[in-house]
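One structure is given below, encoded as structure tokens.
The values are calculated or read from the model by the stated rules, or taken from the named source; none is laboratory data. Computed from a predicted model, the values in this text were never measured in an experiment. Please note: Cβ atoms are built from the backbone with ideal geometry, for glycine as well, and neighbour counts cover all protein chains shown.
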Amino acid sequence: MRIPFVAGNWKMNTTLDEAVSLVRSMHQRLDVIEGTEKAVCPPFVSIAAISEMLRGSTIGVGAQNMYFEEKGAYTGEISPMMLNKLCKYVIVGHSERRQYFGETNQMVNKKLKAAFKAGLTPIMCVGERLEENEAGKTEEVITDQLFCGLDGITANSGNMVIAYEPVWAIGTGKAATSTQAQTTISLIRKKLSTVLGKATASDMRILYGGSVTAANAGELAAQPDIDGALVGGASLKPQEFVAIVEATAAAKHAQ
Ligand code: PEP
């Protein structure tokens, strides 16, 4: 049985003070939700403070990115060794990193290996762009992202998480339907089984991301292969984020 998981990606939002007050406003209600793992991924500068606030709670903390080298002359970058004492998760290969910062599948692969080495749990994002979707290339794009991204990674990849985030659904208010998301996520699980073996693929959590709200979270999580959500915009609204986690927990509990 895979434990459902909901993570909030705050992206480049919140100052330190705003991050602290966002966590304050949802901490208690999130903490008591059972049967679902949950995490928030604030900007780097707030990770230490938020981790301190959430110490001893059931809410995990993640980073939104990291570089793959351990240390050195990489001005402005953050290494896995800087993160692993502060947080548990790291998002790798988010489509905004791929689109605006030239992150390639090869870089994603290096980041995944570096995250494992540092004991971080990666949340690896994959997903097709609108034009790829319309050209019927979803399977091809995702297979490439998975096969290149996971190259050289063994079946023993711990509790790594995959997030299927169709780029056309991110921040657009146009979420994939639960059927579309289930179809692609079950395909991803099949591909994972080719790379990592059947047992690892069936144990691995695969989240859906892209315009998840309190209104659609339950229906998405009710799908057999969807193990939760990676939430962007709605994770900045405390009531909404709590409601998404509650809806996910309820849908999975009912299965
Ligand atoms: C994301 O950035 O990972 C995301 C899914 O964003 P949104 O929920 O805003 O579509």
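You will find that of THR154, THR194, THR179, the residue that is away from the ligand (no atom under 11 Å from the Cβ), exposed (fewer than 15 other Cβ atoms within 10 Å of the Cβ), more than 22 Å from VAL32 (Cβ to Cβ) and modelled with pLDDT of 95 or more is THR179 and no other.
For the range 9-39, filtered to residues that are β-branched (Val, Ile, Thr) and in contact with a Ser or Thr (Cβ under 7 Å, 6 or more places away or on another chain), the residue that is nearest to the ligand (Cβ to nearest atom) is THR14. Within the range 173-197, the residues that satisfy the criterion of being closer than 20 Å to GLU219 by Cα and in a helix (DSSP H, G or I) are SER178, THR179, GLN180, ALA181, GLN182, THR183, THR184, ILE185, SER186, LEU187, ILE188, ARG189.
Residue pairs whose Cβ atoms lie under 7 Å apart, separated by 6 or more positions or on different chains, with the first residue in the range 53-64 and crowded, with 19+ Cβ neighbours inside 10 Å and of a type in the set (Val, Ile, Thr) and the second part of a strand (DSSP E or B) and modelled with pLDDT of 95 or more, are ILE59/LYS38; ILE59/ALA39; ILE59/VAL40; VAL61/ALA39; VAL61/VAL40. The single condition from (1) of a type in the set (A, V, I, L, M); (2) more than 18 Å from PRO122 (Cα to Cα); (3) within 16 Å of the ligand (Cβ to nearest atom) that VAL90 fails is (2). Scanning the range 157-173 for residues being within 15 Å of the ligand (Cβ to nearest atom), touching a helix residue (DSSP H, G or I) at 6+ places or on another chain (Cβ under 7 Å) and at negative phi gives a total of 7.
Does PRO43 fit the bill of being of a type outside the set (Lys, Arg), under 17 Å from the mean Cα position of the chain (by Cα) and farther than 30 Å from GLU219 by Cβ? Answer is yes for this residue. Inclusion of LEU146 among residues that are away from the ligand (no atom under 15 Å from the Cβ), closer than 16 Å to HIS94 by Cβ and either touching a residue at least 24 places away in the same chain (Cβ under 8 Å) or more than 18 Å from the chain's Cα centre (by Cα) (or both) is warranted. When the range 198-239 is filtered for residues that are assigned to a loop (DSSP other than H, G, I, E, B), within 16 Å of the ligand (Cβ to nearest atom) and hydrophobic (A, V, I, L, M, F, W, C), the ones remaining, listed by number, are VAL212, ALA214, ALA215, ILE226. Counting only residues that are in contact with a Leu (Cβ under 6 Å, 6 or more places away or on another chain) and free of Cβ contacts under 8 Å to residues at least 60 places away in the same chain, the range 154-176 holds 2 of them. Note on the range 218-233: residues that are buried (at least 18 other Cβ atoms within 10 Å of the Cβ) and without any contact (Cβ under 8 Å) to a residue 60 or more places away in the chain total 5. Among the candidates PHE147, PHE116, the residue that is aromatic (Phe, Trp, Tyr), in contact with a Gly (Cβ under 9 Å, 6 or more places away or on another chain) and more than 21 Å from VAL231 (Cα to Cα) is uniquely PHE116.
Checked against (1) within 16 Å of the ligand (Cβ to nearest atom); (2) assigned to a helix (DSSP H, G or I); (3) in contact (Cβ under 8 Å) with a residue 24 or more places away in the chain, ALA249 passes all but condition (1).
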